[in-house]
Every structure is written in structure tokens, then in C-alpha cells.
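S.K.: After the C-alpha cells below, expect a handful of questions from me.
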Amino acid sequence: MFKKLLPLKNSFVSCLVLTVFVYCSCKKSSDQPSWDVDVLAPLIKSNLTINNLVTDSLLKSNPDSSVNIVYTTNLITFSADTLAKVPDTTLSAGFLVNPNYQGGDTIFKQTAETDFKLGSIQLKKALLKSELIQINMQNVFDSTIVFNYKIPGATLNNKPFNITDSILPDSTYNKSFSLAGYTLDLTGLNHASSNALVTATAIFISKKVKSTSASKPYMVITNTIYNTQPAYIRGYLGQSTINVGPEQSGFSLFKAIRSGTLNFPNVNIQIDLENSIGVDADLKIDKITSINSQTGTVDLSSSALINKSININRATETGNPASPVNPSSQLITINSSNSNISAFLANIPDKLAYTLQVTINPLGNISGDNDFIYSGHGLTANMNINIPLSLAATNLTLSDTLLLNLSSIQQEQKVNGGFLYLYVTNGMPFSAGIQIYTLNNKLIKTDSLFIPPNNTILGAPIGTNGKVAQTVATKLTIPVTKAKINNLLSATKALIIARFNTSNQPHPVNIYNYYQLDVKLVADFNYNLSAP
């Protein structure tokens, strides 16, 4: 927020840099007699609005020109991987072989079920966006063998997955095949199971071979199913409780504020619960904490939210592949009448901490194995904050550190000294104390440009209608001595600090989108010029 208030091209620091650069560069090299002159010139003109105080994307203007801050932060997101992650699964089959076979003889033939270990989850069907099957075996014969690997319940365009390949004599076969796009029937051999994938394997001696012999009395074939990422699953997703936290997330609404007191009298927060999964869920939030890394914490207390069991209905299917889900949603409103939300936000948090629990299918398998999840859909809880920009601020401190590049300034010794004049026409109900520090390459302060109390911008008065009655003009003078010029030239960065206070303290003031603050910086420098 403060970066927008004082960007490099508009900031007081940039004005100083431009002043020194422009006028210190105006030197004529000569050994002739010299004299002193004063040069007066405007350096910059700018106007600042409420958009420079709060990030534009967070502001919403109302029909009466008043302004609201609208901010959203995510608390939880549960996806298909969270609720039904399919582990890598390996199926190995070892079998004895005869020492001699004729061409075309069958060495091994088996139909088996691969059981995915999913606990209480009972999947019946899955559409895959990613899955690989790795087949590994060693040919122990002195002739080529042929194998066929089929998954009858894995279909793409109504055709089952079917691989036929050959293995050279006394060599190892190790290949992976993709099942992306295939639909899996997971009901097993008898179509009454769950989590069961049927595979059929057959191994033959090549028909081109007359006879063969084996170097070992057995063979092993290994099938590994891995990197399973379903695009869709159906079945019973089990009854489970997912504990979240204690967990922290960043909270950037007040990221530019260093310190001070901020009071919003009217705050509305909604916890927006959206369930795009075909399961019922129960949410319980044990704790949400506002964390200010500098000053401390404030726990949210709310009769509408904290330690309440909140039921979230399951989503339904639309039958439309482009938009397959009708989500279920629920809004929980938190305000000053059912919570301490004003104190929660007045803490000026930079982080949120929370502990919560989500129970999936709290009533069990009431869908009859018809729970579902689509990839890209999940269960989310967002905190939506809406704050009418009516506030009271006391010593609200903002800061910014800017990089200075003074390497191009030459012959600065021609500047004897002078002044910078900052002319401000303020149409905002904020007064502000401004200070600018120069910093060396170790970020140690080397000088300050303002001398209090001559660093205050007056705030505009509030009329009886609650709006700014008239603008207020302020002139700030910054003496620029030879020593300050040297400090500027030795600096690598500048630290800008502003402490804001609203007019009409301690009562909150409304902020309107047409409020603005006009700034003009004028330099009055004294130079020593040589005669031509």
C-alpha cells in the first residue's frame, strides 16, 4: 500500500534524487571567476487518491462514492488426492517352468485381482488422467517368448487395455505403459468387490521356435501400478476425520503497516464453504488466531463459528462433462454482534493461525457407493472480508525502503546548499508525519531529511455531513546543506516512514473515492558558477 503512496517516481526521495542530479550536473568547467546563483524550479507534480493507500484490487466503489475493502483468504482446500489417494501397488507372480517346451506352448496363464489398499474407501469406478503400469520379467529360455497382458476392466473407446510383446532369449523385459484416459472397473472378477483391478497374463514360446530349454526352473513377472491420478472416481469414500493444524497462512491485507492503532467500526466477514465433492462433510473450527509478528495475537471468538459443528451437504452431478458438478455452498456471517472481529482485525495481523477438523461422510455410506470426486473439484473454506472504509487510525505507521542510484552525479561540489519545498493540498481526512532517512550499504541510517515538528502534513477537516469540508494547504521546508548532500551521495538506499492519523479522533471517518492529495516539490538550490 505504501509503495503505491510513494513510488520512486513520485516519492520524496526521488524528488531529492532528481534535484541533486539535475542541478549538480549543471557545471561548466573553468578557471575563470565565479559567483553564486539561486535556481528555483518545480520538480514534480502529483496527486494521490485512496488507491495509493490501499491496493487497487482490494477496493470497491459504491454508488454514493464510498469505498469498501474486499479481501479473500483461503483457509482449507481438500482435493481428490487429499481424500482418496491411490498408492503405488505391485503384484508379483512366480511360477515353475519345464526345462523343455515346443514352439507355441503356453508357459504361464493367470487371471488375478490387484487390490488397492485404501482402508475404508471402496472405489467402484475411476477415470484416469494419469497412471502407469510397469511390466518386468526375465526370459530364462534360450529362445524368444511372447507375452500378452490384458486389463479387461480398463477401457478406452470401448476397447480394453491389451499389450502383446516379445522378449529375446536370456534377456530382461522392463517397460511402462500409460493408462491415461482409460476408465477402470474396480469391482473385481465377480463385479461385487471394490478397489479390485482384474489383470490377465499369458506367456508363450514363440511359434517360430521348434524347441527350447530353460536355464532356471522358474520365472517371475512383476506388475507395478504407479502415479495414479484419477480424473474421476466413484464409490464409497469412507468415513474419516481430517485434522488440519495448528497451521499458519500469510495475511497480506495490512502488509505495508509497521505499527499503530487501527479501528474499523463496521466489519463483515463471511466464511464461504463450498463442497464440490459427492460426500457429506462436517466442519469444526477449533481456533482462528490473528497474529501480528511484532505485537502479539488475538483469538477469534464467535458464537456462529468457533467450536460449532457445521454440516456441509454433498455436491450433485450435472451430467454435463464441461461442468460436471453442482456444488453445495454455505455462508457463515461473522460481525461485531456475534464476535470480536473488530479487535481481531485491529491487531493488524500479518498471519492467521487455525486448527480445524473435517469429517467425511459423518453418517456413513448413505449414498450406496455413489460418492464421487472430479479432478479439479474439492472442498474449500474461504474467509471473505468486507470492510466499509470507515476507520480511525492513530499513528498508523507505513514504511518503504528504496534503492538509490547516484553514481551518475558528477561535480556536486558546485552546489552550496539550498532548500526543498514540499507544497501539499490535502483533500483527505488524514494528517501525516513524514521522515526520510538515508542508508549506507550496511542499511545503517546516516541522516534524516526532516526536523520535527516541521514534518507534518495537515489533514482536511470533516464537515457536518461526515465528508471533507475543504482542502488544506501545507508547505514543508527541507534544508539541504553541503553535509546533507554528502550524505545523500554516500547513501545506497532511503527509508521512508509515515505516521498517519485520521481527523476527528477518536471517531471513525468515511473515505470516498474522490478524495485526493496534490503534491508539488520545488527546489531552491544555490550554485557556484564559473565565468565563461
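The values are calculated or read from the model by the stated rules, or taken from the named source; none is laboratory data. What you see is a predicted model, and the numbers here were worked out from it, not measured in a lab. FYI the Cβ positions are ideal-geometry reconstructions off the backbone, even for glycines, and counts take in every protein chain you see.
S.K.: Among ILE133, ILE151, which is the only one that is of a type in the set (Val, Ile, Thr) and over 16 Å from GLN229 (Cα atoms)? Spell out how you get there, then give the answer.
M.R.: Working: ILE133 fails: over 16 Å from GLN229 (Cα atoms).
Just a single option satisfies the conditions, and that option is ILE151.
S.K.: With the requirement that a residue be in a strand (DSSP E or B) and either in contact with a Gly (Cβ under 8 Å, 6 or more places away or on another chain) or at pLDDT 85 or above (or both), what does the stretch 458-475 give you? Quick ask: steps written out before the conclusion?
M.R.: To start, the set of residues in the stretch 458-475 that are in a strand (DSSP E or B) comprises 462, 468, 472-475.
Result: VAL468, VAL472, ALA473, THR474, LYS475.
S.K.: Which of the residues belonging to the stretch 333-361 are under 12 Å from LEU283 (Cβ atoms) and surrounded by 17 or more Cβ atoms within 10 Å (Cβ to Cβ)?
M.R.: Passing the criteria: TYR354, LEU356, VAL358, THR359, ILE360.
S.K.: Ok, one more. So which pairs qualify, if the first residue must be in the stretch 277-290 and assigned by TED's automatic domain parsing to the domain that holds THR355, the second must be of a type in the set (D, E, K, R) and part of a loop (DSSP other than H, G, I, E, B), the Cβ gap must be under 9 Å, and the two must be at least 6 apart or on different chains?
M.R.: Filtered contacts from the stretch 277-290: ILE277/ARG314; GLY278/ARG314; VAL279/ARG314; ASP280/ARG314; ALA281/ARG314; LEU283/LYS308; LYS284/LYS308; ILE285/LYS308.
S.K.: Any residue in the stretch 156-169 that is outside any strand (DSSP E or B) and under 18 Å from ILE221 (Cβ atoms)? Quick ask: steps written out before the conclusion?
M.R.: First, the residues of the stretch 156-169 that are outside any strand (DSSP E or B): 157-158, 168-169.
With the extra rule that they be under 18 Å from ILE221 (Cβ atoms), the set shrinks to 168-169.
Yes.
S.K.: Inspect the stretch 316-327 for any residue being at pLDDT below 90, under 23 Å from the mean Cα position of the chain (by Cα) and not hydrophobic (A, V, I, L, M, F, W, C) and give the result as yes or no.
M.R.: Within the stretch 316-327, none of the residues are at pLDDT below 90, under 23 Å from the mean Cα position of the chain (by Cα) and not hydrophobic (A, V, I, L, M, F, W, C).
S.K.: Would it be correct to say that LYS60 is in a strand (DSSP E or B), basic (Lys, Arg) and at pLDDT below 75?
M.R.: On the way: in a strand (DSSP E or B): yes; basic (Lys, Arg): yes; at pLDDT below 75: yes.
Judged against the criteria, LYS60 is a match.
S.K.: Taking the stretch 227-253, which residues are buried (at least 19 other Cβ atoms within 10 Å of the Cβ) and farther than 24 Å from LYS125 by Cα?
M.R.: PHE251, LEU253
S.K.: Oh, and also: Report whether or not SER342 is at pLDDT below 90 and hydroxyl-bearing (Ser, Thr, Tyr).
M.R.: So SER342 fits the description; yes.
S.K.: With respect to the numbered conditions (1) at pLDDT 85 or above; (2) over 20 Å from LEU83 (Cα atoms), which one is the sole condition not fulfilled by SER252?
M.R.: (1)
S.K.: Oh, and also: Does the stretch 86-125 hold any residues that are within 24 Å of SER176 (Cα to Cα), surrounded by 12 or more Cβ atoms within 10 Å (Cβ to Cβ) and of a type outside the set (A, V, I, L, M, F, W, C), and which are they?
M.R.: Of everything in the stretch 86-125, those that are within 24 Å of SER176 (Cα to Cα), surrounded by 12 or more Cβ atoms within 10 Å (Cβ to Cβ) and of a type outside the set (A, V, I, L, M, F, W, C) turn out to be ASP88, THR89, THR90, LYS109, GLN110, THR111, GLU113, THR114, ASP115, LYS125.
S.K.: Evaluate the following for SER178: is it modelled with pLDDT under 95, among the hydroxyl-bearing types (Ser, Thr, Tyr) and surrounded by fewer than 18 Cβ atoms within 10 Å (Cβ to Cβ)?
M.R.: Numbers: modelled with pLDDT under 95: yes; among the hydroxyl-bearing types (Ser, Thr, Tyr): yes; surrounded by fewer than 18 Cβ atoms within 10 Å (Cβ to Cβ): yes.
For SER178, the condition - modelled with pLDDT under 95, among the hydroxyl-bearing types (Ser, Thr, Tyr) and surrounded by fewer than 18 Cβ atoms within 10 Å (Cβ to Cβ) - is met.
S.K.: Residue check: is LEU300 closer than 15 Å to THR355 by Cβ and either in contact (Cβ under 8 Å) with a residue 40 or more places away in the chain or within 25 Å of the chain's Cα centre (by Cα) (or both)?
M.R.: Values: closer than 15 Å to THR355 by Cβ: yes; either in contact (Cβ under 8 Å) with a residue 40 or more places away in the chain or within 25 Å of the chain's Cα centre (by Cα) (or both): yes.
Considered against the rule, which asks whether it is closer than 15 Å to THR355 by Cβ and either in contact (Cβ under 8 Å) with a residue 40 or more places away in the chain or within 25 Å of the chain's Cα centre (by Cα) (or both), LEU300 comes out as yes.
S.K.: Give me the strands (runs of 3 or more DSSP E) completely within the stretch 284-390, filtered to those with at least 1 residues that are among the aliphatic types (A, V, I, L, M) and in contact with a Ser or Thr (Cβ under 6 Å, 6 or more places away or on another chain), ordered by residue number.
M.R.: Values: elements: 296-299, 309-312, 328-334, 351-360, 371-374, 379-388.
Here the list reads 296-299, 328-334, 351-360, 379-388.
S.K.: Residues of the stretch 170-192 being assigned to a loop (DSSP other than H, G, I, E, B), among the polar types (S, T, N, Q) and either more than 18 Å from THR155 (Cα to Cα) or not assigned by TED's automatic domain parsing to the domain that holds ALA231 (or both), which ones? Break it down into steps so the answer makes sense when it comes.
M.R.: Here is the first cut: in the stretch 170-192, the ones assigned to a loop (DSSP other than H, G, I, E, B) are 170-171, 179-182, 186, 188-192.
This time we only want the ones that are among the polar types (S, T, N, Q), so: 171, 190.
Hit for the stretch 170-192 is SER171, nothing else.
S.K.: Among the listed residues PHE116, PHE78, PHE161, identify the single one that is aromatic (Phe, Trp, Tyr), in contact with a Gly (Cβ under 8 Å, 6 or more places away or on another chain) and in contact (Cβ under 8 Å) with a residue 12 or more places away in the chain.
M.R.: Values: PHE116 fails: in contact with a Gly (Cβ under 8 Å, 6 or more places away or on another chain); PHE161 fails: in contact with a Gly (Cβ under 8 Å, 6 or more places away or on another chain).
Selected residue: PHE78, the only one of PHE116, PHE78, PHE161 that is aromatic (Phe, Trp, Tyr), in contact with a Gly (Cβ under 8 Å, 6 or more places away or on another chain) and in contact (Cβ under 8 Å) with a residue 12 or more places away in the chain.
S.K.: Also, I was wondering about something else. Could you check the stretch 82-126 for strands (runs of 3 or more DSSP E) lying wholly inside it with 3 or more residues that are over 33 Å from the mean Cα position of the chain (by Cα) and of a type in the set (D, E, K, R)?
M.R.: Numbers: elements: 89-96, 100-102, 106-115.
Filter on the stretch 82-126 gives 106-115.
S.K.: Still on this structure: So which of VAL146, VAL140, VAL209 is crowded, with 16+ Cβ neighbours inside 10 Å and modelled with pLDDT under 90? Break it down into steps so the answer makes sense when it comes.
M.R.: On the way: VAL146 fails: modelled with pLDDT under 90; VAL140 fails: modelled with pLDDT under 90.
Among VAL146, VAL140, VAL209, only VAL209 is crowded, with 16+ Cβ neighbours inside 10 Å and modelled with pLDDT under 90.
S.K.: When you check ILE221 against the structure, is it assigned to a strand (DSSP E or B) and crowded, with 19+ Cβ neighbours inside 10 Å, yes or no? First the steps, then the outcome.
M.R.: Numbers: assigned to a strand (DSSP E or B): yes; crowded, with 19+ Cβ neighbours inside 10 Å: yes.
Taking the combined requirement at face value, the residue satisfies it.
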